[in-house]
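Reading through the structure tokens given below for one structure.
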Amino acid sequence: MMREQSRMQAVQSPIIPVVGELIRQHPGTISLGQGVVYYSPPPEVERSLSEFFTNPENHKYKSVQGIPPLRQAIAAKLLAENGIAIARDNCVVVTAGSNMAFMNAVLAMTRPGDELILLAPYYFNHEMAIAIAGCRAVVVATDENYQPRPDAIAAAITDRTRAVVTISPNNPTGTVYSEATLQQLNSLCRDRGLYHISDEAYEYFTYEGARHVSPGSFANSSEHTISLYSLSKAYGFASWRIGYMVIPQHLLTAVKKVQDTILICPPVISQYAAWGALQAGRAYCTHHLSAIASARQIVLNALGSLGDRCTFTPADGAFYAFVKANTSLSSFDLVKYLIEEHGVAAIPGDTFGLEEGCYLRVAYGALSEETAATGIERLVRGMRSLSSPTL
Ligand SMILES: Cc1ncc(COP(=O)(O)O)c(C=O)c1O
């Protein structure tokens, strides 16, 4: 008999495949579930892929840290757009998506039993990575607008704390943190000898004049700040699996050990594709953003029409609305009901660490305006049909 015990038993199951299976069982369901965009990578990718095939050496293992031309393009982008200069005390590591970058960071900086502070609602894969590393996620609630509470974060620090994790623009709430808040948290980490892990997967996705800020650009931040980026959202690149991280130089040896063991190197063909995507640059994403902004407006208007049946913060970033439904149903039961009876899917809030109350994450990045309108109509109809405890 094989033993069934493993560290993975303590790790939550990813919810996206569970909701995906429910969707498959109910054909015609519109998914407001997965966090992906509606567009494909830019044409520059095809050119760089042709270049990949011109050199047979490209079929061999390459640098653990990423191919030099891609790292150079990333360094130029970081300087121009994020205000992060790659110098002697920090460096870039290309990863197989920014989830891998987070795992690299956690494994590189912790011992089993160490703690990392996550803000609730959190991104579920962060919590899972921490559990897989044998560490503990210490979850600190955000305020009523899903903004960080620096005093509560400071109070949660113990001798075992290694890092504070922020995501701005945020998954699942869509909130964008102000420069002042990020500055305060980054200084707190420096003063208390902690790392600040800043997940910036949605850096280009802001609306209504909201501004994304990179903590890695703050003065005296490079020794303790880890900045994570992804091409998945910005370039419609999710399946290519390319992200990157900026780390303090002193973590490089440890990160390379992790990456060498798990990946050896990020797939080189995907790195070529990423190099092509970066040549198209931010403008490629900006060009597609207006359609996502329209879908966002449709979603916010429709949610607003539900009055007391739900509460939500009209957040200015990413492509999510995080909705609290005024019902006694559990989050998962509400999601199941919406799929089975109304043909629309969202992600249940308990996945993001909210045990109390009924929350849904509504994603609108993958939708055309028309599908967004139909999907959200179905959601609104479903929510209206609920008998709510306080109405
Ligand atoms: C906050 C955040 N970080 C990281 C990721 C994963 O990005 P990647 O595809 O680069 O692994 C996601 C994907 O949804 C995300 O929401």
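The values are calculated or read from the model by the stated rules, or taken from the named source; none is laboratory data. Since this is a predicted model, take the numbers as computed values, not measurements. Cβ sites come from the backbone with ideal geometry, for glycine too, and all protein chains shown count toward neighbours. The protein model used for the area step is the full one, side chains on, heavy atoms only, and it has no ligands, DNA or RNA in it. Shrake-Rupley method; radii C 1.70, N 1.55, O 1.52, S 1.80 Å.
Listed values, structure above:
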read-out	value
Some residue of region 76-85 being under 25 Å from Ser168 (Cβ atoms) and crowded, with 21+ Cβ neighbours inside 10 Å	yes
Residue ranges of strands (runs of 3 or more DSSP E) in region 69-142 with at least 2 members over 12 Å from Tyr244 (Cα atoms)	115-120, 136-141
Count - residues of region 104-119 that are small (Gly, Ala, Ser), in contact (Cβ under 8 Å) with a residue 60 or more places away in the chain and away from the ligand (no atom under 14 Å from the Cβ)	1
Within region 362-379, considering residues that are out of contact with any helix residue (DSSP H, G or I) (no Cβ under 7 Å at 6 or more places or on another chain) and open to solvent by less than 10 Å² (accessible area, probe 1.4 Å), the one modelled with the highest pLDDT	Ala363
Residue in region 256-289 that is most open to solvent (accessible area, probe 1.4 Å), counting only those that are more than 20 Å from Pro69 (Cα to Cα) and within 16 Å of the ligand (Cβ to nearest atom)	Ile262
Boolean, Tyr146 is modelled with pLDDT of 95 or more, within 12 Å of the ligand (Cβ to nearest atom) and either more than 25 Å from Gln271 (Cα to Cα) or of a type outside the set (A, V, I, L, M) (or both)	no
Within region 34-78, tally of residues that are in contact with a Gly (Cβ under 6 Å, 6 or more places away or on another chain) and among the aromatic types (Phe, Trp, Tyr)	1
Residue in region 51-69 that is without any contact (Cβ under 8 Å) to a residue 40 or more places away in the chain, closer than 30 Å to Phe218 by Cβ and open to solvent by less than 80 Å² (accessible area, probe 1.4 Å) present	yes
Any hit, region 186-194, residues being within 16 Å of the ligand (Cβ to nearest atom) and of a type outside the set (D, E, K, R)	no
Qualifying positions in region 1-30 - among the charged types (D, E, K, R) and closer than 17 Å to Gly375 by Cα	Arg24
Candidate set from region 207-244 (those that are open to solvent by 30 Å² or more (accessible area, probe 1.4 Å) and in contact with a strand residue (DSSP E or B) (Cβ under 6 Å, 6 or more places away or on another chain)); member that is farthest from the ligand (Cβ to nearest atom)	Glu223
Those residues of region 86-98 which are within 10 Å of the ligand (Cβ to nearest atom) and surrounded by fewer than 23 Cβ atoms within 10 Å (Cβ to Cβ), in sequence order	Ala96
Exclusive hit being within 15 Å of the ligand (Cβ to nearest atom) and more than 15 Å from Ile117 (Cβ to Cβ), set Glu179, Glu203	Glu203
Failed criterion for Ala101 (all others in (1) within 14 Å of the ligand (Cβ to nearest atom); (2) surrounded by fewer than 23 Cβ atoms within 10 Å (Cβ to Cβ); (3) under 30 Å from Gly134 (Cβ atoms) hold)	(2)
Test: Val37 is within 24 Å of the chain's Cα centre (by Cα), β-branched (Val, Ile, Thr) and over 21 Å from Met245 (Cα atoms)	yes
Every residue from region 176-206 that is open to solvent by less than 50 Å² (accessible area, probe 1.4 Å) and out of contact with any strand residue (DSSP E or B) (no Cβ under 8 Å at 6 or more places or on another chain)	Thr181, Ser187, Tyr204
Sole exception among (1) over 14 Å from Met245 (Cα atoms); (2) more than 15 Å from the ligand (Cβ to nearest atom); (3) surrounded by fewer than 21 Cβ atoms within 10 Å (Cβ to Cβ) for Ile153, by number	(3)
Of residues in region 32-45 being surrounded by 20 or more Cβ atoms within 10 Å (Cβ to Cβ) and closer than 17 Å to Ala291 by Cβ, the one nearest to the ligand (Cβ to nearest atom)	Gly35
Residue count for region 296-353, restricted to those that are part of a strand (DSSP E or B) and open to solvent by 60 Å² or more (accessible area, probe 1.4 Å)	2
For Gly28: the one exception among (1) assigned to a helix (DSSP H, G or I); (2) among the small types (Gly, Ala, Ser); (3) loosely packed, with under 15 Cβ neighbours inside 10 Å	(1)
